[in-house]
1. May I ask you to verify whether residue A:296 is assigned to a helix (DSSP H, G or I) and away from chain C (no Cβ under 14 Å)?
2. Within region B:11-30, identify whether any single residue is aliphatic (A, V, I, L, M) and in a helix (DSSP H, G or I), and answer yes or no.
3. Could you run through region C:19-48 and say how many residues are open to solvent by 10 Å² or more (accessible area, probe 1.4 Å), over 23 Å from residue C:72 (Cα atoms) and free of Cβ contacts under 8 Å to residues at least 40 places away in the same chain?
4. Taking residue C:51 as meeting all but one of (1) facing chain B (nearest Cβ under 8 Å); (2) buried (at least 22 other Cβ atoms within 10 Å of the Cβ), write down the number of the exception.
5. Among the listed residues C:76, C:16, C:100, which satisfies the condition of being open to solvent by 20 Å² or more (accessible area, probe 1.4 Å), at the interface with chain B (Cβ under 10 Å from one of its Cβ atoms) and at pLDDT 95 or above?
6. For residues in region B:309-322 being free of Cβ contacts under 8 Å to residues at least 60 places away in the same chain and under 17 Å from residue A:13 (Cβ atoms), which is most open to solvent (accessible area, probe 1.4 Å)?
7. Return the total of residues in region B:270-291 being in a helix (DSSP H, G or I) and open to solvent by less than 50 Å² (accessible area, probe 1.4 Å).
8. Quick check on this structure: which one of C:206, C:187 is away from chain B (no Cβ under 14 Å), over 23 Å from residue C:36 (Cβ atoms), at pLDDT 95 or above and open to solvent by 10 Å² or more (accessible area, probe 1.4 Å)?
Amino acid sequence: MRIFTLPDLGEGLQEAEIVQWHVVPGETVAADRTMVSVETDKAIVEIPAPFSGRVEKLFGKPGEVVHVGAPLIGFEGHEPDSGTVVGEIAPAGTAPAVRAPPRAGAAAEVKATPAVRALARQRNVDLASVAPTGANGLVTAEDVERAAGAGTAADAPTPLRGTRRAMARNMALAHAEVASVTIMDDADVEAWETGSALMPRLARALVAGCRAEPGLNAWYDKHTNSRRTFEAVHVGIAVDTPDGLIVPVLRDCEKRDLADLACALDDLARQTRERALAPAALRGATITLSNYGSIAGRYASPIVVPPAIAILGAGRLEPRAVVTADGHIAARRLLPLSLTFDHRAATGGEAGRFLNAVIADLVRPS
Amino acid sequence: MTVVARFEIRYTRYLDHLGKVEGSLPEFARDPRALVPDYRAMVLMRALDAKAIALQRTGQIGTYASTLGKEAIDAGIGAVLARDDVVLPSYRESGILFLRGVSPHRVFLYWGGDERGNVFPESPRDFPFCVPIALQLPHAAGVAYAMKVRREPRVALAICGDGATSKGDFYEALNAAGTWKLPMVAVIVNNQYAISVPRRMQSAAQTLAQKGIAAGIECEQLDGNDVIAVHDAVGRALERARAGEGPTLLEALTYRLSDHTTADDASRYRSAEELAERWKHEPILRLRNWLAENGAWSKPQEEALHREVNETVQAAVKAYLDTPPPATDQMFRHLYAHLPHAYEWQREAAAGTFEETGQRHAELHAG
Amino acid sequence: MPNCTLVEAVNLALARAMEDDPRVTVLGEDVGVNGGVFRATAGLLERFGAERVVDTPLSEALIAGMAIGMAAEGMRPVAEVQFAGFAYVTIDQILNHAGRLRHRTQGHLACPMVLRTPCGAGIRAPEHHSESPEAMFAHIPGIRVVYPSSPRRAYGLLLASIADPDPVVFLEPSRLYRRYKEEIDDTGEPLPLDTSFVLREGSDVTLVAWGAMVQEALAAADELAAEGVSAEVIDVATLKPLDLDTILASVGKTGRCVVITEAPRTCSFASEVAAGLAEHGLLSLLAPVQRVTGWDTVTPLARLESRYIPDTRRIVAAARETMQYS
């Protein structure tokens, strides 16, 4: 039933008395037809039908009081259902159109991190044309730079990326933190058997040094001010490559004999050239070796990069004039050595003894 | 088996639905003129309520929950509360707010969808409307606790509906109030319906007042359409609380003469006959009859009141319609004491500009 | 200077706050005579009396609701919910009222309350006592969510939370309650809210954690260092509002990030951090952000707990994963 209540009669009147009904239940009335007369304090008021419909029920008899807002007449039918008790939930028009999902674009087929993509845009490089060298076919920043070629003007600054960026960061850190001291000396290798390879000898000598003074085969943690020595000797070998400085690690040198060292060094060199080094191969060096003399130089002050505390540099092996035990001048093949150590973690005595042990091993014929 | 506890629930009524006195009137009502302010307040409440419904019908406010039929409860409570007592309403107590000095246009603002409808500068310690059912009762326990430990002669008065008495929060609050003898009064406005669920389907308890027995507190039932009974019962409860005698639970019986809200259609679940019958018990008519009968109210006074009420209502509507929409940063201004740095960009973004997001998008993808 | 476990630090902070501000009132189940089931409130009843240390009936909804009422009346309630598993019912009051009261009344009423609750797994407790609800609370507007990871930070952050004029949900990692001690200078000096703490500097990967997971993150950083990976460790501390700037600065340096939480994965707070990094730090990232989380399962009971809670091994593996990318 649709209930029609007594409407506001104006002037704040609250109720009215029913005087006379003008419709009967069952009757169909048109809108605005007078349904009932009611009397207020002021006057007799005629109430019209609010809509057309069939009257079902009348509330109240002549002489009874009806309140504003109280049920007056019931019409057949139902109120439209709002379908809620709060707010409005209007029906929509049509359902939204759903477009077919887009095909994956070419960009999705190239694997590159967002930073590399941004770089490629910057360099105007089409990623699809770049040969990826990263793990799992990932295009690296270096790949993009290479593809960009000589496009940059000679005087425009080239941002350092990849290994060069790492080098800049590491060297700055090392320079800022490490209390660097370098001891220099020569090893007289005149007695070496012909065909002695330099790098395996240096690696073995380094192990000897570590055995004599384990304190230099260690890491230093400035936060806890502690030095952690290692049993194993993992030697980081500084290698100069077209991409910059790379330091692959030859692990467990203390377990290897000379032949093994030679083999392992060859493998390492090959892997480095072929860029087939796993990232783990670049981590965990307990001490570092730099054979800079293979390019140039006699003595140097190599930089030790934390957390390691020692680096041994070897200069150019060449004959030089020395004063022998019996006071004569002779020509002897000398290998110049430069040992840098972090004086926060090791003493001059430790370093000196270490170096002596290294030299003692190097001067052996084999 | 022995009986270890009994209880009784007392019921108070002084004016029957025709305005005839039952028993002897309480002291404050011996002079009927003392109830004239209540009558005036009730007439104003009803007029404002009717106007709110009209505003909703013309699309000027959103969904509105009418107060039609509970004017005596609001008027009685509003009359006996002290200024620095705290009221914790549900969402149908605009009548009490008016009596606390809150400008009527704030109620239009609230239902019109403006946060400023929750702001009561005239009565700043009162709580705003509480929509989640019964959550205001634990608040009241907390407010009362503060009053008690500070030894203040103030009371926290919470109002809830019959449906609220089924919620855990209702009982938990009363239980705590009883345990600590808090200066708290809880008034159940039993208007017989929780939306469509009638009282008989809400609880098997014979009265809702007796739910306070479980909490060990004073409980009473009263005729909520008799403003004298409301005055009396609430007044006594407040006195008890102020005197440190602990909380009271009152059940005021009334009837919801309106739909639950303007979006509800009560004819779906209750008959027009029932509604018509209950109109006969409404609170304003019986009070007017009694006042008129005792020479405390006249036709000229009635007419003057209607003129005055009309003016108040018009002024409230004008104040509401004249209130410009809030600034966008209203969402952020009082979210915290000081908006955390993390959200400052959101305030700017909400207030502006698609340009904001567009600009950052461009920055991200710039060369 | 007292040497305190995390739970003792909470106790110290409560006592300090109650000493310095007579409005501070502690309420909760078993907090008074029993001193709290974890002894977090031990000694407070004797020192401050029953009106300020309130043993409530068994009603978490009441505890949260009462705290709101007390706070609106100008008190500084510190409500305890005994275990985070029982705190879910308080979300009704916290979300619907505590976080909104200042806003709704446009500043006339405010809600300077603290709701503290022990959470997290790893104490071999029965069901429902190993919850991580931080993401649910962090989703609520108008509040703060604070989660300390050490005794000193618990002390300083709790003081700050109590003094804060807005509601704070203070989550305490129960398995760190007695794990180790730190010296605490009981000066009443608060730590800053809305700030993350860089606990360890590093250059290769950023580990972001909160609560008990911070300990695992630090242990993982040690292990990673042995492999030559330098990890920076950040304790988020205040989850909401999140100090994304500190995390972004770190990832700007390292390019890699692992976010660690013991909460279930989906919609965990780790997701929020990852989204923030994706949105604001994309061009610094050298690898996808890794989330190391609890599984999307019910937190298991004691016998399987160790297979659920992220451990150092999983964090290290995730960090290694990020190192693979470039």
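The values are calculated or read from the model by the stated rules, or taken from the named source; none is laboratory data. As the structure is a prediction and not an experimental result, all values here were calculated from the model. Don't worry about glycine lacking a Cβ; one is built from the backbone with ideal geometry, like all the others, and counts go over all protein chains shown. The protein model used for the area step is the full one, side chains on, heavy atoms only, and it has no ligands, DNA or RNA in it. Shrake-Rupley method; radii C 1.70, N 1.55, O 1.52, S 1.80 Å.
1. no
2. Within region B:11-30, one or more residues are aliphatic (A, V, I, L, M) and in a helix (DSSP H, G or I).
3. The number of residues fulfilling the criteria is 8.
4. Of the numbered conditions (1) facing chain B (nearest Cβ under 8 Å); (2) buried (at least 22 other Cβ atoms within 10 Å of the Cβ), the odd one out for residue C:51 is (2).
5. Result of the check over C:76, C:16, C:100: C:100.
6. Filtering region B:309-322 for residues that are free of Cβ contacts under 8 Å to residues at least 60 places away in the same chain and under 17 Å from residue A:13 (Cβ atoms), the one most open to solvent (accessible area, probe 1.4 Å) comes out as B:311.
7. Residues in region B:270-291 being in a helix (DSSP H, G or I) and open to solvent by less than 50 Å² (accessible area, probe 1.4 Å): 12 in total.
8. After ruling out the rest, the residue left standing is C:187.
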